[in-house]
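To keep things clear, I will list the structure first and then write my remarks on it.
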Amino acid sequence: MSRHAHTICRACHAGCGVIVEIEDGRPQSVRGDPNNPLYKGFCCIKGQNMAASWANSKRLLQSQKRQPDGRYSPIPVEQAMDEIAERLQQILASRGTRAIATYSGTMATNAGAANGAVTSAFLKAIGSRMGFNSNTIDQPGKFVAAALFGGWMAPPQHFAQARVALLVGCNPLVAMSGGVPHTNPGRSLTDALKRGLSLIVIDPRRSETARRASVHLQPRPGEDVAILAALIRVILDEELHDALFVDEHLDGVEALREAVAPFTPERVARRADVAAADLVAAARIFARNGPGVATAGTGPNMSGHTTLLEYLLRCLNTICGRWQRQGEQVIEPATLGQPTQARAQAMPPYTQYAYGFGEKLRVRDLANTAAGMPTAALADEILMPGQGQVRALISHGGNPVAAWPDQLKTIEAMKTLDLLVQIDTRMSATAKLADYVVAVKHPLEMPGISLTQEYLSAYAVGFGTTAPYAQYTPALVEPPAGADVIDDWLFFYGLAQRMGVQLMIKPVSFSGTLRVPPQAIDMIEPPSTDELFEMVTRGSRIALAEVRQHPAGAIFPDPPVFVQAKEEGWQGRMNAGNAQMLVDLTDVGREDPSGAEDLPFRLISRRQMNVLNSVGQDNPGQHRGRTYNPAYLHPEDLAELKLAAGDCVEIRSDHASIVGIVEIDRNLRRGLVSMAHSWGEGPERDHEVREIGANTGRLTSIDREFERYTGLPRMSNIPVAIKPLALD
Ligand SMILES: Nc1nc2c(c(=O)[nH]1)N[C@H]1C(S)=C(S)[C@@H](COP(=O)(O)OP(=O)(O)OC[C@H]3O[C@@H](n4cnc5c(=O)[nH]c(N)nc54)[C@H](O)[C@@H]3O)O[C@H]1N2
Ligand SMILES: Nc1nc2c(c(=O)[nH]1)N[C@H]1C(S)=C(S)[C@@H](COP(=O)(O)OP(=O)(O)OC[C@H]3O[C@@H](n4cnc5c(=O)[nH]c(N)nc54)[C@H](O)[C@@H]3O)O[C@H]1N2
Ligand code: SF4
Ligand SMILES: [Mo]
């Protein structure tokens, strides 16, 4: 018997409201829901393959334990938890709490919206501050810059009303990330363009999004800081900024004006290789056409100066007054998150929580940051002997070997650990090095709530959707017969139980302030995942019970939320003149961006529509026969290198080399290689590049060129050489 059910797609962070066809307890197909008020029928190739990923023959249905000979044997999950808890206790006793670290990757949050709350509770309960996540190898500058600049206690101007959008190195039509709402971005953009939106895109590649822009600047990669400085300079020079707003809420504008002075359009045009007139035009269009915000993505964040880049974006948005004002309606108030009051007032910088606070790392003078603990330093923390050395890592829904910068060091670190536990649904590259691989349920086997999507709305300026939407889905299918799999969070719960510690669950708050205190979880009888969802949504604007009444997802506009007036006597002001940032900017003005002559190309990052980082690469419906990540080059570069599409090459940085398969991309600037990350395995499998792809993370060194605040190394704009390679 076949039935159809509404659910939340959890194959990426976008959480599309989709429909699953289920026959005899097996998911058959997944498609968009044309009646969904927000996603409007959208379902990408990854979502369409959710049923196939459920049935994938490579899926792990039993947890695995590595045997002395290196092979893996199935182990009952309860026994795995017994053994892991015992080893953790031993490590705690002999090495202390700092020896135990967790890493939460993308699927830790995509697959289960309450997972983060339990992992944090676990770390707190055992006394470890060594919780890491993929945020700090993504766009950590967003958080650090907010702390250095300050913010606005109401949302930024919203895409739903925007007349202009400036996208710096993000490609929302493929990534469903920032710049255009992640809910059916193609349709959102088409509607906005029809309404008269001016879209400005800055990207060295004429990306899917850039192709729809009114202005596309196609600069050299890594020049975004200089470009933003030039835009700010033009706006201040021509007095196109919002002087009233600036007077009332922003400090440091004169210092900023001085610091951007050397970044004349002509000079920046030369170094970035764009037309000076286009820079001036972009500045004028952005400044004259509010509302609308500027947003950056991973490409420019990974090109060297994540914090400074994001700081300048805040400067640009704020001098143009791109924050919601008193009396305006908040487009996306929290639904399952806690309500916050929106006020038309500036939040001053909180520099003491920007970087360098809390837990110190033993390398590169790094410490905790507003974006979290620097993941790029975790491999060193594992490798470096001495007090505080990390000896056990629980890696959850992430894939360090595929995704962390400096793959060779990461592999070494994973092998050095006393205990590596990988929580996964398959034998990923990291699982293959783990002592235990904990097999977890497929999302369709678990209930879900759209809290992850709400987090996205709160994540940064220019992210989010267009309405206060929420959805709940029950578990729709049972795991396949004979499977021994658990909900992810039950693993941390099971460890806590065995280690005799109490977990305290915090409700999810996007503002940092909790209206309701953490709640103790029953450590004898585990609650159901639905009960856990109740715990993390306590105090929400809309009760979970209400959301559950609308299985197809719904918009919850009532009660509407409006931006309140500034509090009487409020003195807070944002700061565009942070001394450290402006010194960094001056340094960028002096740097010589040209690289070593023997590394004439630049490798830049990109995303592929059909996979999420390393997820989905082994699913035939997703790879459709192309089981690798092509190295895209401009056709004239290929011709000059005497290469044809499909040829094999060595791509070498000053740190390491990988093997790639070249492909034509007419949309690229010359001199670039554009490649997706998180493919391939270790060097011993490089010759299988056509079967498994290549790992661009290996080209990055984590200790030579890194951002000093967050530890983020250069993961785009990497100087490389390319030479033909004959593979047997
Ligand atoms: N060179 C380079 N490196 C990069 C980037 C780049 O652009 N260039 N991008 C960076 C960015 S932005 C990020 S966010 C990181 C991503 O870094 P990670 O999050 O570490 O990498 P993913 O490949 O997303 O890892 C997802 C893991 O979850 C597993 N998985 C799949 N489905 C499920 C499930 O249902 N449940 C659970 N529990 N697990 C599941 C997968 O098998 C895989 O092992 O990579 C970063 N690394
Ligand atoms: N289909 C799909 N969706 C995904 C993912 C995926 O793997 N596949 N990954 C998810 C993750 S973890 C994240 S963080 C988001 C990221 O979402 P985005 O940040 O939008 O990432 P990309 O789509 O890679 O777009 C980055 C763009 O930056 C450009 N670029 C590279 N270097 C530079 C530079 O130096 N300057 C400028 N101006 N541009 C540059 C690239 O050409 C590319 O078009 O996507 C998420 N969504
Ligand atoms: S965009 Fe993400 S959530 Fe939407 S269908 Fe694709 S994978 Fe699923
Ligand atoms: Mo990411």
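The values are calculated or read from the model by the stated rules, or taken from the named source; none is laboratory data. Source: prediction; values computed, not measured. Heads up, the Cβs are rebuilt from the backbone with ideal geometry, glycines too, and the neighbour counts pull from every protein chain shown.
Annotations for the structure displayed:
- The requirement of being buried (at least 24 other Cβ atoms within 10 Å of the Cβ), of a type outside the set (A, V, I, L, M), at pLDDT 95 or above and within 16 Å of ligand 4 (Cβ to nearest atom) is fulfilled somewhere in the stretch 123-137, by at least one residue.
- Residue in the stretch 403-424 that is out of contact with any Leu (no Cβ under 6 Å at 6 or more places or on another chain), among the polar types (S, T, N, Q), within 16 Å of ligand 2 (Cβ to nearest atom) and over 30 Å from residue 154 (Cβ atoms) present: no
- Elements of type strands (runs of 3 or more DSSP E) in the stretch 53-163, at least 2 residues being within 16 Å of ligand 2 (Cβ to nearest atom): 100-104, 131-133
- Out of 175, 255, 192, sole residue that is more than 9 Å from ligand 2 (Cβ to nearest atom), hydrophobic (A, V, I, L, M, F, W, C) and in contact (Cβ under 8 Å) with a residue 40 or more places away in the chain: 255
- For residue 227, the requirement of being in contact with a Cys (Cβ under 8 Å, 6 or more places away or on another chain), buried (at least 24 other Cβ atoms within 10 Å of the Cβ) and of a type in the set (Val, Ile, Thr) is not met.
- Residues of the stretch 578-625 that are more than 16 Å from ligand 1 (Cβ to nearest atom), within 27 Å of residue 219 (Cα to Cα) and small (Gly, Ala, Ser): 589, 594, 595, 596.
- Looking only at residues in the stretch 498-518 that are polar (S, T, N, Q) and at pLDDT below 95, the one that is surrounded by the fewest Cβ atoms within 10 Å (Cβ to Cβ) is 513.
- Filter result (hydrophobic (A, V, I, L, M, F, W, C), in a helix (DSSP H, G or I) and at pLDDT below 95) within the stretch 458-497: 458
- Of 714, 669, 626, 685, all but one fail to be without any contact (Cβ under 8 Å) to a residue 12 or more places away in the chain and within 16 Å of ligand 2 (Cβ to nearest atom); the exception is 626.
Each row is one residue, and each column tells you yes or no for (1) in the same structural domain as residue 223 (by TED's automatic domain parsing); (2) under 27 Å from residue 719 (Cβ atoms).
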{"position": "251", "(1), (2)": "yes, no"}
{"position": "261", "(1), (2)": "yes, no"}
{"position": "269", "(1), (2)": "yes, yes"}
{"position": "287", "(1), (2)": "yes, no"}
{"position": "297", "(1), (2)": "yes, yes"}
{"position": "302", "(1), (2)": "yes, yes"}
{"position": "307", "(1), (2)": "yes, yes"}
{"position": "317", "(1), (2)": "yes, no"}
{"position": "332", "(1), (2)": "no, no"}
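- Looking across the stretch 175-192, the residues that are within 16 Å of ligand 1 (Cβ to nearest atom) and in contact with a strand residue (DSSP E or B) (Cβ under 8 Å, 6 or more places away or on another chain) come down to 178, 179.
- Those residues of the stretch 110-158 which are within 18 Å of the chain's Cα centre (by Cα), farther than 30 Å from residue 328 by Cβ and away from ligand 1 (no atom under 16 Å from the Cβ), in sequence order: none
- Failed condition for residue 172, given (1) more than 13 Å from ligand 3 (Cβ to nearest atom); (2) buried (at least 24 other Cβ atoms within 10 Å of the Cβ): (1)
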